[in-house]
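Comments concern the structure below.
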């Protein structure tokens, strides 16, 4: 037996270029073979990106070698973004990709439902009043029937509604119900055309001391129904522990600021049995056949692959190719479609790696349009002594087929370039769940086959058809955009199929304080050479635009030009949407192509309707120059500029007494006291500014992770209190206070049209110097009075607010603008 474990294995999770081709070293190949020989599955189940326990996912994938996946009901669209300005749909795309990168690290797979993360909810009742319960359940059962988990593990406890986020408990409740329903042929019978019914063996709850309130209570709890695992296990072939891998995975949730410090040593995870029989021997897969004999015709495959694993040569993995090819052929003959598909993918991946086989299809075109011609560069390199024949290469969504019939000689690369026309029938590149309008609680997906997938499949794939040891086998590669960066070198990104033109409005909201016209700037970007057409604005008749249309002539692909229309509002207050329209012959284009580019995820192309909310609003303001101290990122500065304020972004290092004298008010961005460490040393300077007559407005911060408890000049303590119902009635506690009267009269109408929530992280305790302005509550709860607090301090005014202005401004909620203008006008 020739089994040489390499002493120094460098496993680098270099994900700054997340689209790079995967290249397994010999230890990773061996681990893949071990996984190939295990036929058992675990499904981890929760509500959001970041809910998953990466330590358990990594443990079951890398230690147990089980096929392991995470089902996140939502894509995290309702949260905040700590790395950029994207929120809602675009944030959901970022968090989806972060989950996929995390799964590459911890070895899991990823699924989603169509549930839309509409924001925080307090109870399952509230959650299911917004989600479509039947459709989410349909997605959950489809995932179970498709994935066929032996084991399901819930992140949250289905028995404790109201104790945590409503989405959390709902996810567990749906899982418990689906555990049995997935096996019922009368439940969603239409799914049985593609999947069979499935009954998981066991359902667990991933409990911990946190759910018991303290470590002491947890230690005293009855654990007779628990299994526990030391998930700190060390993997010598990787040079790191399971916990370290899990930390790397967890740290990919960068948009949430979840950078995770690696841990080493023993660490215990607990799971409590909820359904199924308890495995007395502590083996979660007890009484479950996880060998190849599980499937009809699998025993022979298992014998072959057991020999491959036993005799694997770490110095020359290609020695295993004949037996792997024999097993591959037998897998194609399996009657069990589920395991045939899964194990075909796994063994194909292993064969590629054992042969040192490098296959690539790339283009130097980053964005392609329908009917355009692109150049495709092909490479096939055999870095082993195996006899490999490249027969042909075909392409999905293209009519091209390249006949090769060439032997791939050891370490002599085969190159070929072809030209191909992008068909007019191909779909534009877009996250499939954003192709159709969504509701508050659900995304609309018209193509049933896409539901549950983490992302839209690549628009074009190349299939390399080969013979290895005389046996036919094919390998699929996405057609990718490839370039050479002066700093990063070889860079791979997804190829995007886009419209010939993108139209984008400069502002998401445009506010008219009077009848004076304003410019409306439309940026047009060409995605083909010689773009010619007419640009106009689609708007109601009571709004006037000049000119009616403009000629657009962009000669070069990639060129952009901004066109300025003049928009005149109606006499009376009004709110509406305007949309740019580009007409090329008979075809109309009215979408913006958004490109999301961060180093830790593949570049994403997202098409959304280009529209701006325009508001005629008689808004008054006092004061003009505003300092804005940024926190976790929001569009409040741009929104204040939209109503006529001169806003200067101020770094904490720039805060001095002399500097602050230039401003009529200072606004502190969301979560600034969670993210800007230097602010802790600038508080006295800011308070002195207020004392001398200034106005300071502090927006919400999380109570955990405050850089200082001294966020106000008087005692004030932040809580987890929030009002999640954006339609909840608002009670004016201080009707005569200037905030509700000057310079704009605030009425109940100003709280209509709010989105996602009223506010979050309200203070629950404050000194008598503060005046609570508003009262509000969710159904069945006591009224909260901490959403907006104002205190006189010296000659000035200090304001703390948990109201979600950062969400209301982009949505164009006119009442939010009026109220914030009143805050900034205090004392003027």
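All of the numbers you see were taken from the coordinates with simple rules; none came from a lab. Because the structure is a prediction, the values reported are computed rather than measured. Positions of Cβ are generated from backbone atoms using ideal geometry, with glycine treated the same way; all protein chains shown enter the neighbour counts.
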- Query: Tell me, in nm to one decimal, what length is gained between residue 440 and residue 566 on full extension, where the rule is 0.36 nm per residue of separation less the Cα-Cα distance?
  - Reply: 42.0 nm
- Cut-off 15 Å (backbone N to label point 7 Å along Cα→Cβ of residue 782), residues of region 752-771: 763-766
- Residues 750, 134, sorted so that the one with the fewest Cβ neighbours within 10 Å comes first: 134, 750
- Query: So what's the angle, to the nearest 10 degrees on a 0 to 90 scale, between helix 133-147 and the longest Cα principal axis of the chain?
  - Reply: 30 degrees
- Query: Where the centroid of each part is defined by its Cα atoms, how far is region 223-262 from region 565-612 in Å?
  - Reply: 42 Å
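For each of 414, 111, 492, count neighbouring Cβ atoms within 10 Å of the residue's Cβ, then give the residues from fewest to most.
By the 10 Å Cβ count, ascending, the order reads 414, 492, 111.
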- Query: Given the rule -39500 (n - 2.57) for each run of at least 4 DSSP H residues, summed and divided by the residues of the chain, what is its mean residue ellipticity at 222 nm, to the nearest 500 deg cm²/dmol?
  - Reply: -6000 deg cm²/dmol
- Neighbour-count order for 406, 804, fewest beta carbons within 10 angstrom listed first: 406, 804
- Message: Need the C-alpha centroid separation for region 625-699 versus region 514-560, integer Å.
- Response: 36 Å
- Item | Beta bridges per DSSP with both ends in the chain, % antiparallel, nearest 5 | 70 percent
- Note on the structure: Here FRET efficiency (C-beta to C-beta, residue 731 to residue 590, R₀ 51 Å, nearest 0.05) is 0.75
- Query: Shape call for region 358-488 from the C-alpha gyration tensor, a ≥ b ≥ c root eigenvalues: rounded (a/c under 1.5), prolate (a/b greater than b/c) or oblate?
  - Reply: prolate
- In percent, what relative contact order does the chain have, based on Cα pairs under 8 Å that are 6 or more apart in sequence? 10 percent
- Message: Tell me the angle of helix 298-310 to the major Cα principal axis of the chain, expressed in degrees between 0 and 90 and rounded to the nearest ten.
- Response: 90 degrees
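Below 8 Å between Cα atoms, with a sequence gap of 6+, how large is the relative contact order for region 36-77 in percent?
52 percent
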- In degrees, nearest 10, range 0 to 90: what is the angle between the Cα axis of helix 337-354 and the longest Cα principal axis of the chain? 80 degrees
- Would you work out if region 722-796 is rounded, prolate or oblate? Take a ≥ b ≥ c from the square roots of the eigenvalues of the alpha-carbon gyration tensor; rounded if a/c is under 1.5, else prolate when a/b is larger than b/c, oblate otherwise. oblate
